[in-house]
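Okay, structure first, notes after.
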Amino acid sequence: MRNVAIVLAGGSGSRMKSKVKKQYIMLGNRPILWYSLRVFQEDPSIDEIVLVCGAGEEEQCRREFVEKYGFSKIRGITAGGKERYNSVYEGLKKAGACDYVLIHDGARPFIDHAMLERVFACLAVCPACVVGMPVKETIKVRNAEGFVEQTLPRERLWAVQTPQSFSYSLIRQAYDELLSSCRTDAELRQEECHQRMEIKKPETQPITDDAMVVETMMDIPVKLIEGSYDNIKITTPEDLAVAETLLVHYID
């Protein structure tokens, strides 16, 4: 078995209102990205890590994470693309043929080994699974005029997180099919991608995660399994403040 974690670390962090990209912002005394890399580095089920960074940041990532912190499982560093799905595809190509891939947002520092155990237990019987948690709030659909159009059944709603995990052959085939008619990966626009998915399923919304690619292009159901309410994505200064509070449970 060869299992690869693809860690996405190419976001601009504009909503963080910082000159430093969010994955490099310090959380405690280490960069946000360090925390999830450490879990993958130490987990016996993960054989390799592919780090997908911003264009031109490859050597910086090598210095800051491979050399400085000794993350020896990082055996591939590659630049991502304009959109998230472009970056994931670059990561899949860099990973090469393997058994399973776990695709994770580097701005989610609070994954843990118990979560990865649940992921691999699910992958043993299902080729596609994502972690998430039931929503706590009542969710309403707002119409164009600002009024409530619908109240959704809360007991069926989950907030999806990462890692999103798949057999490599499945997720690679899904992305290959999605990107097959593009001249280059970098030229794939959100509109073109959405149109291609609409051919498969007319009701499809624009892509927001990898599970959608598998659901739509391969027509295969994706299993939802328990993540953690602590598994937040740090996007805004408010998120960073929450993360500082949560950090006490995750420090050495």
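The values are calculated or read from the model by the stated rules, or taken from the named source; none is laboratory data. Remember, predicted model here, so these are calculated numbers, not experimental data. Please note: Cβ atoms are built from the backbone with ideal geometry, for glycine as well, and neighbour counts cover all protein chains shown. We work out accessible area using only protein heavy atoms, side chains counted, and drop any ligands, DNA or RNA first. Shrake-Rupley method; radii C 1.70, N 1.55, O 1.52, S 1.80 Å.
Could you grab the pairs with beta carbons closer than 7 Å, sequence gap of 6+ or different chains, first residue in the range 67-81 and among the polar types (S, T, N, Q), second one in a strand (DSSP E or B) and open to solvent by less than 60 Å² (accessible area, probe 1.4 Å)?
T78/V50; T78/V52
Could you identify the single residue in P127, P134 that is farther than 14 Å from E226 by Cα, open to solvent by 40 Å² or more (accessible area, probe 1.4 Å) and modelled with pLDDT of 95 or more? Please lay out each step first, then the result.
Details: P134 fails: farther than 14 Å from E226 by Cα.
After applying the criteria, what remains is P127.
With the checklist (1) outside any strand (DSSP E or B); (2) at pLDDT below 95; (3) of a type outside the set (G, A, S); (4) within 20 Å of P44 (Cβ to Cβ) in hand, flag the one item K82 doesn't pass.
It is condition (4) that K82 fails.
Step by step: first the residues of the range 65-98, then only those that are closer than 22 Å to S180 by Cβ and among the aliphatic types (A, V, I, L, M), then the one that is surrounded by the fewest Cβ atoms within 10 Å (Cβ to Cβ). Which residue is that?
So in the range 65-98, the residues closer than 22 Å to S180 by Cβ come out as 78-98.
Checking the rest, the ones that are also among the aliphatic types (A, V, I, L, M) come to 79, 88, 92, 95, 97.
On the way: A79: 16, V88: 24, L92: 24, A95: 24, A97: 9.
Filtering the range 65-98 for residues that are closer than 22 Å to S180 by Cβ and among the aliphatic types (A, V, I, L, M), the one surrounded by the fewest Cβ atoms within 10 Å (Cβ to Cβ) comes out as A97.
Restricting the range 215-233 to residues that are modelled with pLDDT under 95 and of a type in the set (A, V, I, L, M, F, W, C), which is least open to solvent (accessible area, probe 1.4 Å)?
M217
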